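**Student:** Sharing a structure below in structure tokens format, with a few things to ask.
Each reported figure results from applying straightforward, stated rules to the coordinates on display, with no laboratory input. No experiment lies behind these values; they were computed from the predicted model shown. Every residue, glycine as well, gets a Cβ built from its backbone with ideal geometry; the counts of neighbours run over all protein chains shown.
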Amino acid sequence: MKKLFALLALAVALTCAAQDLPTEIKLTNGFVMQDCTIVRWDTDAITVKYAGGTVPIRFENIDPDQRELIESHKEAALKQQRIADEKAAKALAKAEHKQEIQEKRDERKQAEIDRKTAAIQEGLEQRRLVVGMTMDQVRGMFGPPLRSSSLTNVDASEWWIYPGLGKTGNGVPTNLQVHFKAGVVTRWNNTQR
């Protein structure tokens, strides 16, 4: 966002700068500003960036000879500045909208992570399987598996078998098979084998 503001400020400064404007501005009090760039135009003043900083200067405080030259560019500069300001406002609104969308995505993602974490924690407390548990969490609940089988395919699947820990629909003990993909539980089933 800071980069966007810097680019917009630079665009406004470049839009407002004219080739034949003075790089030294003399004020009515005799002070001369060196290396000047007009960075902002108003109906009764300009904002000038110079070696000593950035300051607003009312037209009436500029040496009369230079004032006439600078004021001759005022209308065109104000029009260009208005266009640049509108573009900058649109770009800023677009950037803010994108940021809001990203923040909402991040909030939804975090809410889903929090929900899954809570479900896994509840499963651990109740000693029941939950999708997303790690191998260590399953081993901590049920101990080491009697058997495991790794499938040598691209998805790094593995089945762990726990005899007698599963139950059929009738409540008869069976084997529990737990499937892992990339080290986390994806599914499980009860078998009679």
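**Student:** Given the pairs Lys74/Lys98; Lys94/Lys116; Lys26/Lys94; Lys49/Lys90, which span a C-alpha to C-alpha distance of over 29 angstrom in this model?
**Tutor:** Details: Lys74/Lys98 35 Å; Lys94/Lys116 33 Å; Lys26/Lys94 41 Å; Lys49/Lys90 25 Å.
Going by Cα-Cα distance, Lys74/Lys98; Lys94/Lys116; Lys26/Lys94 fall outside the 29 Å limit.
**Student:** Also: Checking the cross-link filter: which aspartates and glutamates have an alpha carbon closer than 15 Å to that of Lys79, excluding same-chain neighbours under 8 positions apart?
**Tutor:** The qualifying aspartates and glutamates are Asp42, Asp44, Glu71.
**Student:** Once label points are set 7 Å from the Cα along Cα→Cβ at both Asn170 and Phe142, what is their separation, rounded to one decimal in nm?
**Tutor:** Once both label points are built, they end up 2.2 nm from each other.
**Student:** Then there's this: Which log10 I(q)/I(0) values does the chain give at q = 0.10, 0.11, 0.17 Å⁻¹ under the Debye formula, counting every alpha carbon as one identical point scatterer?
**Tutor:** Those come out to -0.60, -0.65, -1.05, one per q.
**Student:** Would you mind checking which residues have amide H under 5 Å from Ile62's amide H? H placed 1.01 Å from N; only 5 or more apart, or other chain.
**Tutor:** Hits under the 5 Å cutoff: Thr28.
**Student:** Now, a different point. Once phi is turned into ³J(HN,Hα) by the Karplus curve 6.51 cos²θ - 1.76 cosθ + 1.60 with θ = phi - 60°, what whole-Hz value does each residue of the range 66-76 show in order, with x for glycine and proline?
**Tutor:** In residue order, the calculated couplings are 6, 4, 4, 5, 5, 5, 5, 9, 4, 4, 5 Hz.
**Student:** Which residues' amide hydrogens lie under 5 Å from the amide hydrogen of Trp188, considering only partners 5 or more residues apart or on another chain, with H built in the peptide plane?
**Tutor:** Answer set, sorted by chain and number: His179.
**Student:** Here's a follow-up. About the Cα centre of the chain, how large is the charge dipole given +1 on each Lys and Arg Cβ and -1 on each Asp and Glu Cβ? Please answer in debye to the nearest 20. Provide the component values of the computation, followed by the final result.
**Tutor:** Values: 28 positive and 25 negative charges, 349 e Å.
Taking the Cα centre of the chain as origin, the dipole is about 1680 debye.
**Student:** Another question about this same structure. For the range 108-169 and the range 25-55, compute the distance between their C-alpha centroids and round to whole Å.
**Tutor:** 70 Å
**Student:** Given a Förster distance of 30 Å, report the FRET efficiency between Arg82 and Arg105 from their Cβ-Cβ distance, rounded to the nearest 0.05. Mind dumping the intermediate values first?
**Tutor:** On the way: r = 35 Å, r/R0 = 1.16.
Calculated value: 0.30.
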